Structure formats: structure tokens, C-alpha cells
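The values are calculated or read from the model by the stated rules, or taken from the named source; none is laboratory data. Here the structure is a predicted model, which means the values were calculated and not measured. Every residue, glycine among them, receives a Cβ derived from its backbone with ideal geometry; neighbour counts consider all protein chains shown. Side chains are part of the model used for accessible areas, which takes the heavy atoms of the whole protein and leaves out ligands, DNA and RNA. Shrake-Rupley method; radii C 1.70, N 1.55, O 1.52, S 1.80 Å.
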Number of protein chains: 2
Amino acid sequence: MAVLPPDLDQATFARVLDEFRGAVGADWVWSSDEDLGPYRDSFSPVWNTDEERRASAAVAPADVGQVQAIVRIAARYKVPLYPISTGKNFGYGGPSPNVTGSVVLDLKRLNRILEVDDKRNFALVEPGVSYFDLYRYIQERGLKVMIDCPDPGWGSPIGNSLERGVGYTMPFFRDHYGASCGVEVVLPNGELMRTGMGALPGAKTWQEYRYGFGPDPAGLFAQGNFGVVTKMGFRLMPLPKHYRTGLITVPKRRDLVRLVEHVNFLSDSSMCGEPVYGSPLQALLGNPDFYALATKPGGPSDAEMDAAASAAGLPSWQVELQFYGSEETTKANWELAKELILSDIPGAQAFDGEHFPLPATEEQLDNTGQPYRTAIKRRAALGVPSLGMWRIVRDDGHVGFFPVIPRSGEAVFEAQRVLGDALREFPFRSYFNATTAPLNWHPFTFQMVFAPSVKKNDPAHNETVNRAMRKIVAVAAEHGWGDYRAAPIYQDDVAATYSFNNHALRRFLEQLKDAIDPDGIIAPGRGGIWPKRFRK
Amino acid sequence: MAVLPPDLDQATFARVLDEFRGAVGADWVWSSDEDLGPYRDSFSPVWNTDEERRASAAVAPADVGQVQAIVRIAARYKVPLYPISTGKNFGYGGPSPNVTGSVVLDLKRLNRILEVDDKRNFALVEPGVSYFDLYRYIQERGLKVMIDCPDPGWGSPIGNSLERGVGYTMPFFRDHYGASCGVEVVLPNGELMRTGMGALPGAKTWQEYRYGFGPDPAGLFAQGNFGVVTKMGFRLMPLPKHYRTGLITVPKRRDLVRLVEHVNFLSDSSMCGEPVYGSPLQALLGNPDFYALATKPGGPSDAEMDAAASAAGLPSWQVELQFYGSEETTKANWELAKELILSDIPGAQAFDGEHFPLPATEEQLDNTGQPYRTAIKRRAALGVPSLGMWRIVRDDGHVGFFPVIPRSGEAVFEAQRVLGDALREFPFRSYFNATTAPLNWHPFTFQMVFAPSVKKNDPAHNETVNRAMRKIVAVAAEHGWGDYRAAPIYQDDVAATYSFNNHALRRFLEQLKDAIDPDGIIAPGRGGIWPKRFRK
């Protein structure tokens, strides 16, 4: 089945592939159906349909020079390239491009860790480096820095950061794009550019001061298509002396409001890592009566929920807190958390978790010991990559919608109700009900999660998923909540919700895109930004 | 003396001014020499010469709609606008434009504080709001947040952030651009655009999640000329419970190396605010023998400096540390600092400073009590704007060069020597000698300071300053150190040092600028970025 780049005939495409082989070697260009299997999105909800976005070929350069060569060949023939780094990108389109027929530019061979400094606390890496690679490098050298990794840890710090991925440690570091510090990119014309201090030849502070001088275009390369990032710097957290956890529960539904305010205080004061919210009442969802209550149209009343919690002898909410510092610092911060919350919320209870010096032992990395189900990803919280989350995959994968909502209890209640009602027509077990807790991944905001599974051989199911995804994106937007990341097949839908002043942002970005890459050599459509050639 | 916009005759300019008056009212358009006095750079080293950059007029719109009207009129007549916010911008060109004849777009009347939230910890302001305004607003309402302000505090949070200004509290917050969260801009065609979540109509998290969806162009508006920023969000630190200071001294010159490493650890662990470095040996510079030693060509030896320190009974270096948190947290972090440093550096000494609950009393805001001269700006360190720094102005003002150098003791020694040698030919008292301490304003890097005074009526002196500025920019760049901010008359010199791959960054930015603003309506030349019309 021949997938060709847009506007290209078979013979010309064959010539392009020959030129690619000339640039990187015949072993590193793939175009057979079989070889391209790994470049399909194995979580695709449109698997094997016309809507599936498929690559025409994949090419894996070995270094920056070869990336430049590939981009220049692609530019000559107007072949769209779709750069990927390493890892899986499951739930967000995998390695599949926005435009069928694009050539995947697989950067896995650019896998050099160029520098890790544990005095000035940074790393400089290439896109093919994984979190596992970076972790191992640091361990082997006994460097006193900790990475902040997502879970699973097979991803690329560069790819994850560019997709605005998040981790699990202290606020500044778990915003992976926020903790980046300067990029090197190959532009659509094949030229090499560095941002921040990297633009100064022989710069000594490329990974220490991100802005350089003058306007900083680095943000255009995140979720974008203005160039191929080939190096990126990251700020690293020094390895803390000590780690500590504690759990706080509050009895009533509305107690979430004050609980969140206190945790916001701790978090924004740099006194704790990722707060992990949960509701012990989730344990009751197996009970049909409780399920009916928690998913009641328009939402249950506070009194109804409090009565159910009371009857079950369960608190309404919990938050797990994590502290990094010296033993005494972590103790002081946890004591403050208890003092603030227990003195303010009647019936709140605090449970000391574990605490131990770092680095942790293997045993300590196994997360146990909280009175209620713990959701802390202990390895990730300690900067140790793992494959833990991988176990949550159901059916043949999933797609994801993670709307950003305000960091308040009230916003959680509203999102539970609005998003729950929006999905009522669909045959999913409830994602949004009166026990749904927010995520506090991004440091200053909450998110909710809709991640329905897909089934490769059940197009009707997948079509339902698709309809639900499109509906929930739209309903969330009506309430001022937007998605932060999406698979290519949903990127236009999500981008369409960022429509202030007749899509002024998208029009501005497309004007820039046209100036830099009118033919769409780099990832046309990524992030909802289409160059002139492909714009409808 | 008629200053006209580029390529415009007197009659057409009069029509432009009439149209401006129609848009904002006659009281808010100024074009007489007298009225334009305040729009000249009173610190200019080229005062009253042909090189001075002077405005042809100034216009002060009252709201966003009027900003759009002014931009549209300017676009029609191709009149460059130079947007300023409020405050003085002393040492960086004041309100004076890059291009003589530009019309200053004075945003001082856009002075609304639109929102301050002390549960989710953010502010949304307009450009004419000053740090004083924001502080007062918070105090009057008893809100539990602390601002991070520069010193003096008359500046604008938006203007300061866009110039990549810094403050004095915790690392995340004192990078003012880094702590911003979403902007609203009027584009060169007069259209209104919002970035981040603000692009979603009715967004609920504009000040909580800065990236939104897709590529983020916000960085183009800092030190740039892609639009006029009319609103900006900022993350705010919750008002801490307690504040504490401590001072550590180390005896020998090379002890700075390990001292910096320990302080980097504390700072990057979010355990302290701005570290304030100094050398007690500065007190000896009045002694001609010591001055000769400290400024010795090629730098003195460690042994020579240690002997001088020892003879004077003074430590070679000191660092003042500041802690925010609960009383116990600040104590634990200070104890850790002492433990790490005193156990590692022989002869290091620690001195407890003050500590007190916040908000501070007026008496506590007066900074005293350290055994050596303290450099902590206590009010600024506690988010209280003041005019403290204003007192440092000498002669008729100064210009500034603040090269970014690595955050290490070795880099400090090298910069002392290289920059000291570079300035040897000039008749200034030494800025760079063996006692020069680094600034740690930007959270992850050091800076050095060259800020020679200017004298309005002494062109020969100013010409010397000019030559010294241009030489030191070039010498620093040869060593991989770049400036982070400059006055218009030096911006092209500084931008020229960011020349990686034949000025790839500048060429990329100018390609974008041409796409958005080819006629240079918004601040042509700012940040070294020139649109086609003005490019040489």
C-alpha cells in the first residue's frame, strides 16, 4: 500500500529516498509497510481507516549535520518531515504525523548526553536521549543531581519538554518546558540556530540563563513546527538529602476548598513537591447506589455526599504531600502543613508517611505505607525512571483529554458536574463524578482526565470515543477550560477552542509559519498551525 | 527643533498628531520640545548630540481600544511607535526610542490592577501599574501574597518583566519574565491577541497555566518589538510566615569555589532566596597598596590576596543568605547551610542574622545587624517597594553592562581578571578587581556589573564611557559572556555578539519581524531586531 508524500509521484519519491540514503546510509531509511509498522500510532482510534495518519517513510540521521542534510533534501522536494525524539508518546498520537505521507524524522540516534554539571546543576542533551539514559549516566558517575521524569520513563527529556510534559518533584522542575534552558534547532531551510545564551559563540552559560538578549523565540518550538530541536538544556534539582511523605484527610466534601488553598500555599512557597489528591470514596464506586449518587445528573448535594462518607466511615478527600530537603527541613514543612490544615478544618487528620535519606534503597522505592490507597509514584517522585504507569493501559490503548481547570475546590466541583453531564450520553464508566480528584501535575493549575480506551478491531467503539472526545473538548471550552496537549487527529479541534478575537493567536502563528516554512517542510499541522500550502 | 518621524514631512506629521488627538484627546498628545523633555533619556551618554535618540511626539492612550486606534493610525502613516510602561528605565535608555522620530506610546494610563488572587496566587495587571501600586493594592485588601519587586520600585511589573528584570526573593519569583503567565498584546496591525490560556475565550486559568496549546510566541514580546503588551499575568509568592537571614564568611580567596557550590545547592533546592555575595576586602580598596594588588595586571596570586586578608584580619568572601518559610523551616534551612559549609571549608564562620514573623515591622524593614557591611536590600527582599537604590546614582546617571557569567567561583576569578584588564586603559576606578563579587539576581547564573557614570556637560567623559562600553561588550563576548539587557544605543552592539552561525538567531527573528511588521510600526531596532524598512 503506497503512502506518498503530498503532491509527489512515486518516481520522485523514490529519488527523494535515494537522496536520504545518500545522506544517512541505506540502513537508516525505511519505507516498506513492514518497516513502517513501528511508526504507526498503535493507540490510534482510527486504526486502519482513511483517517489514520500514516508516514510514507522514516529516516534516522546520526547527527546534526545529517539532520540538516535531510531537511535540505525535504525542502527541495517539498516533502513534509515529522520529527520525533524517542519514547512512545502513547495516547498522544505515538510517532504518527499530522499529514499522511509525511516522512518521520526519527532522532533516536542523536542520543548523546553532552554535559551534566552537578555544581551548576544542569544537563545538555540530544533528542534521542531517554530519561533512563540520563538517569543511568548520572548514577554511573555518582553525580549529585536528580532528574524529574515522567512515568513511564522511556521518553525523551527533549520530546517531553517540547510537548509540555510534566513530572512529579518540585514545582519548578516538574514543568519540563519551564525547566529547559536554551535550544539548538535546525530551521526549515536547514540552517542551525541556537537560542538564549547559545546564540553567543562559545557561550559559557547556555544552560544557566535561558533568555539571552532580545526576543526569545524558543517557545515557538514547543508543540510547534518551526524547526527540529537537536539540543536542549535543562535545569536539574540537586539531589536532596532527605525525602518525606505525609497524608492528610478531610471529612466533608466542601473541605476540599480550604484544603486546596492550604496546599497551594505550601506548593507556591516551594515547600512541597507534587501534591497528590484523591478521594477515599472512590472505593465505594463499586456499590451501585453510591455510583448512582456520585454520578447523579447535576451532581449530588454536599449533604448527600457527606452522609455517604459518614456512613462508610471514610473521609471525603485526601492529599498526599511530599517534601524534599534536609531531614529537619522536610519535618518543618510537614509540621507546618499539619498545623495549617488541622487547625482550620474540623475533623482533618494527618498521617505521617515515610521518611528517609536519599538516595533511596530499592525497598524504599516501593511505595507503601499510607493508610488509604496511595497514588504517589514513588520512583518518579524520586527521579527514578520506571515503567510503572504502563500497567494502566486498557484494551488497545487510549486517547487523552486533560482539561486545565483552576486550582480550587470550587473548580473541581464544577468540572465534575459539567464534564460528567457532558459524557452522560456515552456508554463509559464515569470519568467525572463527585469523587473525581484533580491532578496537580502542572505546578500552578489543576487538570482533569478523560482517557477512554480504544479497541483496534471495534470501529464502532472507536467512533464513540471520537465523538466523546470532540464533545468534551467543546463543552470544556464553553466553560473556559482548555486542553494542554493532544494527538494529531484532535489537534485542530483543540486549537479551534483557542479562538480569542477570531483566532488571533493561530493567525499570528500561521503568519510566522508562512514566513519561515511556507511549504510546510516541518510538521505541518502540529499544534494546529498550518502553513499556507496546506491551509484550508 | 523639529524632530520628525522617518520619511514623514511636517504637514503629514501634523495630520498624524491630529488623528492621535482624535483618538485619545488633545490633552494626551505631546510634541513640543518642552513637553517632550521627560521623554528624553536623562542618563544619556550622548545627551544633546546627534546620536541621542529623540522622540517626535508622545501619546498616552487610556485603554486597550485607544492603543489599537493609535497603532492603526501609526500603521497607516508608517510612523514608528515606541511603547513604554511606567517607571524610569534609568541606565537602559529611559523612555528614549531606538529610532529618532519615533512616537513614544506611553502606557502609563493603562494602570488598572485587574485581579489579585491570594488563594491561587496570581495577579493580572496593565502596563501602567507600578510595583508601588500593586503593593498598595495588596496591603489595602490585606491579601496574603508577596510581590517580588526591583529596587527602586517605581517600575512596572510588565515593563520590568519584558526587559527581563529581576528581584530579590525566591528563585522562581525573582525571574520576573519567568514568573509571568500569559500576555495580551496589540499587534502591529492593531489586532488584539492573547497568549497561553488567554487565547481561550472566557479562560479560567489565564494566570495559572502559561503555555495554552500549540507554540507559544510570548517570548517574542520580551526585549522585542512584535506588539504592544497591554495585559500580563504574574505568579505571586504567598506571604511567608517567617523571614531569616544569616551570614557566612570564608577566609581564603579560593574558598569562593566551594562556597558557591554549596549556595547553588541551597538555591536550586528552593531553600533560600537571593544569595548576596560580597568581599569584606572591599573595605581595603582605599589603601593604595591594596588597590594596586587587587587590580594588578593579570590578577594577583591567591597567596598574595590571602596574605592581605590575613594581615587585615578579614575574611576573603561573605555570602548573606535569606530564608522564607515557617520559623522552623527557615531555621532548618539555615542550619543546613551552616552544616554544609562549615564542615567543608576550614575557617568558615557563620553569623546568625535576624529572624522575625511576616509581615515585618517598619523597624525590621531597616536592614541592620550583620557583622560586615550588608548588601541585602531588606525591603526588596520582603517585597516592599522602595526608592533605596536611587541613592547610588552618581554624576548625571550611568549606563550599564551586566555580563552573564557561570555560577562558579572560577568564573568569578576569570571575569575579574579579563574584564579588569580590558578596562585598564580607561580612567575609571576599578570595577573589576580581585575583590569584585558576583550578583546572583538571575536565579541560575551570575552577573558582573560595569556601570560608569555619565556627565551631561562633559562630552569627552561620555565619549570615554562609550568607548569603554563597546570594548567591554566585545571582550566579554570573546570569553563567552553576554549582556542580558542594554540601552538602545548599545543594543546593536550587544545583539551583534549573539552571532552563532552568522547571526542565525537575528536573521530568524528579522524574518518573523518582516512578516508581522515590515514597516517597523512597533519599536524598530529594539533588542537589535530591525524590520526590512530600516535594516542596513
Checklist outcome for this item: When restricted to B:Val103, B:Val99, B:Val129, the only residue among the hydrophobic types (A, V, I, L, M, F, W, C), open to solvent by less than 10 Å² (accessible area, probe 1.4 Å) and closer than 23 Å to B:Ile73 by Cβ is B:Val103
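If a residue has to be over 18 Å from the mean Cα position of the chain (by Cα) and under 17 Å from B:Val399 (Cβ atoms) to count, how many in segment B:421-452 make the cut? Walk me through how you get there before you give the answer.
So the first thing to find is which residues in segment B:421-452 are over 18 Å from the mean Cα position of the chain (by Cα), and the list is B:421-437.
Narrowing further to those that are under 17 Å from B:Val399 (Cβ atoms): B:422-423, B:426-429, B:431-432.
Within segment B:421-452, residues that are over 18 Å from the mean Cα position of the chain (by Cα) and under 17 Å from B:Val399 (Cβ atoms) number 8.
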Checklist entry - Mind checking which residues of segment B:402-419 are assigned to a helix (DSSP H, G or I) and either modelled with pLDDT under 95 or among the polar types (S, T, N, Q) (or both)? => result B:Gln416
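Can you pull out every residue in segment A:415-458 that is of a type outside the set (A, V, I, L, M, F, W, C) and touching a strand residue (DSSP E or B) at 6+ places or on another chain (Cβ under 8 Å)?
Once the filter is applied, which keeps residues that are of a type outside the set (A, V, I, L, M, F, W, C) and touching a strand residue (DSSP E or B) at 6+ places or on another chain (Cβ under 8 Å), segment A:415-458 yields A:Tyr431, A:Pro438, A:Asn440, A:His442, A:Pro443, A:Thr445, A:Gln447, A:Pro452, A:Ser453.
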Checklist entry - Any idea which of (1) open to solvent by 30 Å² or more (accessible area, probe 1.4 Å); (2) more than 14 Å from chain B (Cβ to nearest Cβ) is the one A:Asp255 doesn't satisfy? => result (1)
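Scanning segment B:327-341 for residues that are in contact with a strand residue (DSSP E or B) (Cβ under 6 Å, 6 or more places away or on another chain) and open to solvent by 10 Å² or more (accessible area, probe 1.4 Å), which turns out farthest from the other protein chains (Cβ to nearest Cβ)?
In this case the residue turns out to be B:Lys338.
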Checklist entry - Is at least one residue of segment A:461-468 modelled with pLDDT of 95 or more, farther than 30 Å from A:Leu293 by Cβ and either not hydrophobic (A, V, I, L, M, F, W, C) or not in a strand (DSSP E or B) (or both)? => result no
Next on the checklist: Of the residues B:Ala476, B:Ala422, only one is over 25 Å from B:Gln318 (Cα atoms), crowded, with 23+ Cβ neighbours inside 10 Å, touching a helix residue (DSSP H, G or I) at 6+ places or on another chain (Cβ under 7 Å) and modelled with pLDDT of 95 or more; which?
Outcome noted: B:Ala476
Item to check | Positions within segment B:58-69 being open to solvent by less than 10 Å² (accessible area, probe 1.4 Å) and in contact with a helix residue (DSSP H, G or I) (Cβ under 6 Å, 6 or more places away or on another chain), in sequence order | outcome: B:Ala58, B:Val59, B:Ala60, B:Pro61
Checklist outcome for this item: For segment A:184-211, pairs from a residue that is touching a residue at least 60 places away in the same chain (Cβ under 8 Å) and in a loop (DSSP other than H, G, I, E, B) to a residue that is hydroxyl-bearing (Ser, Thr, Tyr) and surrounded by 24 or more Cβ atoms within 10 Å (Cβ to Cβ), with Cβ under 8 Å and 6 or more apart or across chains, are A:Glu208/B:Thr445
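Each row is one residue, and each column tells you yes or no for (1) modelled with pLDDT of 95 or more; (2) open to solvent by less than 50 Å² (accessible area, probe 1.4 Å); (3) more than 27 Å from A:Gly165 (Cβ to Cβ); (4) out of contact with any strand residue (DSSP E or B) (no Cβ under 7 Å at 6 or more places or on another chain).
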{"residue": "A:Asp18", "(1), (2), (3), (4)": "yes, no, yes, yes"}
{"residue": "A:Gly25", "(1), (2), (3), (4)": "yes, yes, yes, yes"}
{"residue": "A:Val29", "(1), (2), (3), (4)": "yes, yes, yes, no"}
{"residue": "A:Leu36", "(1), (2), (3), (4)": "yes, yes, no, no"}
{"residue": "A:Pro45", "(1), (2), (3), (4)": "no, yes, no, yes"}
{"residue": "A:Thr49", "(1), (2), (3), (4)": "no, no, yes, yes"}
Checklist entry - When residues of segment B:222-243 are filtered for being more than 7 Å from chain A (Cβ to nearest Cβ) and among the hydrophobic types (A, V, I, L, M, F, W, C), how many remain? => result 6
Checklist entry - Is it true that B:Ala123 is among the small types (Gly, Ala, Ser), more than 20 Å from B:Pro238 (Cβ to Cβ) and open to solvent by less than 10 Å² (accessible area, probe 1.4 Å)? => result no
Next on the checklist: When you check A:Pro357 against the structure, is it crowded, with 16+ Cβ neighbours inside 10 Å and under 31 Å from the mean Cα position of the chain (by Cα), yes or no?
Outcome noted: no
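Report the residue count in segment B:185-214 for those that are more than 7 Å from every other protein chain (Cβ to nearest Cβ) and either surrounded by fewer than 24 Cβ atoms within 10 Å (Cβ to Cβ) or modelled with pLDDT under 95 (or both).
2
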Next on the checklist: Testing B:Phe508 on (1) within 14 Å of another protein chain (Cβ to nearest Cβ); (2) touching a His at 6+ places or on another chain (Cβ under 8 Å), one condition comes back false. Which one is that?
Outcome noted: (2)
Checklist entry - Which of (1) farther than 30 Å from B:Glu410 by Cα; (2) crowded, with 23+ Cβ neighbours inside 10 Å is the odd one out, the single condition B:Lys455 does not satisfy? => result (2)
Checklist entry - (1) within 14 Å of chain B (Cβ to nearest Cβ); (2) open to solvent by 20 Å² or more (accessible area, probe 1.4 Å); (3) under 25 Å from A:Pro171 (Cβ atoms); (4) not β-branched (Val, Ile, Thr): which one isn't true of A:Ala437, the others all being true? => result (1)
Checklist entry - Residues in segment B:148-167 that are more than 11 Å from the chain's Cα centre (by Cα), open to solvent by less than 10 Å² (accessible area, probe 1.4 Å) and farther than 28 Å from B:Asp517 by Cα: how many? => result 1
Checklist outcome for this item: A:Lys471 fails exactly one of (1) farther than 19 Å from A:Arg53 by Cα; (2) within 12 Å of chain B (Cβ to nearest Cβ); (3) open to solvent by 10 Å² or more (accessible area, probe 1.4 Å), namely (2)
Checklist entry - Are any residues in segment B:74-96 over 21 Å from B:Asp50 (Cα atoms), crowded, with 23+ Cβ neighbours inside 10 Å and at pLDDT 95 or above, and if so, which ones? => result B:Ala74, B:Pro83, B:Ile84, B:Ser85
Checklist outcome for this item: (1) assigned to a helix (DSSP H, G or I); (2) of a type outside the set (Val, Ile, Thr); (3) surrounded by 24 or more Cβ atoms within 10 Å (Cβ to Cβ); (4) under 17 Å from the mean Cα position of the chain (by Cα) all hold for A:Ala486 apart from (1)
Next on the checklist: I need a count of the residues in segment A:260-292 that are hydrophobic (A, V, I, L, M, F, W, C), open to solvent by less than 20 Å² (accessible area, probe 1.4 Å) and closer than 16 Å to A:Ala312 by Cα.
Outcome noted: 2
